[in-house]
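The structure appears right after this line, and notes come after that.
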Amino acid sequence: EDKVVQSPLSLVVHEGDTVTLNCSYEVTNFRSLLWYKQEKKAPTFLFMLTSSGIEKKSGRLSSILDKKELFSILNITATQTGDSAVYLCAVEAPGGSEKLVFGKGTKLTVNP
Amino acid sequence: DVKVTQSSRYLVKRTGEKVFLECVQDMDHENMFWYRQDPGLGLRLIYFSYDVKMKEKGDIPEGYSVSREKKERFSLILESASTNQTSMYLCASSFPGLYGYTFGSGTRLTVV
């Protein structure tokens, strides 16, 4: 059965801290791993990763994939209160169906 | 600006009622998906559709059905609402080969 496991499930930090969110997966015929940020409503797309070792970066956020060890990390440096959200990791289900299998998410709270 | 629109943000229905959740996208996407999101369980796929009049069961289809009569509209139907269907429902769409959903803002359904 396909599985995506995120850790930690929740995290509380202070502004300015650096955080690392983890995502491990077991999926046959892996094609891509995606990160989303969800505040009060719709998840918004952050990154899509398909190749090992290539870092994707957007401002203070970055992510990398390790296809050998089957995990990805999402780093946020110099956190701000606006980074408070649930961060979702998802991988594409097998068979090219383009369904995504989601982890349970990491709830990040950034306190001033 | 591309959009996935869910007709209601909040709904309260009675046990046994037939409930329709509507989702419309304006991006000419072939793929459309319905997920429910519950605390501690993450996003779980209910149904998805690759094309007009086509539908496939996801991981938790029991108690639900769907309709896709037009490409832009994907409806989720709760045949006889029950309290365990109280949840946040998220609709998403995607274009084949482009791995990344666009999500709607969600419908928070409460069944009393």
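The values are calculated or read from the model by the stated rules, or taken from the named source; none is laboratory data. Computed from a predicted model, the values in this text were never measured in an experiment. Here Cβ is always computed from backbone atoms with ideal geometry, including for glycine, and neighbour counts include all displayed protein chains. Ligands, DNA and RNA are excluded from the accessible area calculation, which covers all protein heavy atoms including side chains. Shrake-Rupley method; radii C 1.70, N 1.55, O 1.52, S 1.80 Å.
Pair-distance distribution P(r) for chain A, from all Cα-Cα distances in 5 Å bins starting at 0: 2, 13, 24, 25, 19, 10, 5, 2, 0 percent. Cα centroids of segment B:1-37 and segment B:73-112: 5 Å apart. A straight line joining the Cα centroids of segment B:42-66 and segment A:20-63 runs 24 Å.
Using a simple spin-label model with pseudo-atoms 7 Å out from Cα toward Cβ, B:R44 and A:D2 lie 1.6 nm apart. For B:E72, neighbours were defined as the other residues whose beta-carbon sits under 9 Å from its Cβ, and their charges (Lys and Arg +1, Asp and Glu -1) total +1. Computed packing ranks the peptides B:9-18, B:63-72 as B:63-72, B:9-18, most packed first, by mean other Cβ atoms within 10 Å. For the residues A:H14, B:H29, a 1.4 Å probe over the protein chains yields an accessible-area ranking, largest first, of A:H14, B:H29. Number of Lys-Lys pairs in chain B with C-alpha atoms under 19 Å apart and a separation of 8 or more places or on different chains: 8.
Across B:Y35, B:Y89, B:Y101, mean-square fluctuation computed from a Gaussian network of chain B (C-alpha pairs under 10 Å connected) peaks at B:Y101. Measuring only protein heavy atoms, the 1.4 Å probe finds A:T81 accessible over about 70 Å². Straight-line reach only, C-alpha to C-alpha below 26 angstrom: list the lysines that A:K67 could link to, leaving out same-chain residues fewer than 8 apart. Reachable lysines: A:K3, A:K37, A:K56, A:K57, A:K99, A:K104, A:K107. As a fraction of the 1.4 Å probe accessible area of the protein assembly as shown, surface on carbon and sulfur atoms comes out at 51 percent.
Compute the FRET efficiency between B:R14 and B:R108 as 1/(1 + (r/R0)^6), taking r as their Cβ-Cβ distance and R0 = 22 Å, and round to the nearest 0.05. Efficiency for this residue pair is about 0.85. Taking all protein chains as shown and a probe of 1.4 angstrom, B:S105 keeps an accessible surface of around 40 Å².
Label-to-label distance, B:T5 versus A:N29, with points set 7 angstrom from Cα along the beta-carbon direction: 3.6 nm. Decide, for chain B, between rounded, prolate and oblate: order the square roots of the alpha carbon gyration tensor eigenvalues as a ≥ b ≥ c, take rounded if a/c falls under 1.5, and otherwise choose prolate if a/b is larger than b/c, else oblate. It comes out prolate by the Cα gyration axes.
A:D17 versus B:S67, label points 7 Å from Cα toward the beta carbon: distance in nm? Those two pseudo-labels are separated by 4.9 nm.
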